[in-house]
Amino acid sequence: MSAGPWNECVVVRSGEGGLAFVSTTSEALALLQEAWPQRRGPAYHTAVAACEEVLSGHLPAYVARITFLDASREAGIAVAP
C-alpha cells in the first residue's frame, strides 16, 4: 500500500485565515497533531489513528484523506471542495 501523495489535495482554512494545502498523510498528521483546534471529537481521533496506520503501511492512503476530511468537518474547519 502506498503512503505517497493523495490523488487530490485538501485545502483547509488555517487558524490565521490563510489556507493550508494538504496532499500527503504526513502533512495531515502534522496538522492534526500540531495545529488542530481544541474541538477534538471522535472523527479527530479516527483521523490520527488512520494516518498512523497508513504511515505504518497497514491502510491505503485514501483512508487517511477521507478521515482527515471528516475531522475537518467535525472541527468546523472550512474545506474547499
CD proxy, 222 nm, the chain: helix-only mean residue ellipticity via -39,500 (n - 2.57) per DSSP H run with n ≥ 4, per residue, nearest 500, stands at -15000 deg cm²/dmol
For helix 25-34, what angle does its Cα long axis make with the longest principal axis of the chain, in degrees from 0 to 90 and rounded to 10? 40
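Here, each number is a calculation from the coordinates, and none is a lab measurement. All values derive from a computational prediction rather than experimental measurement.
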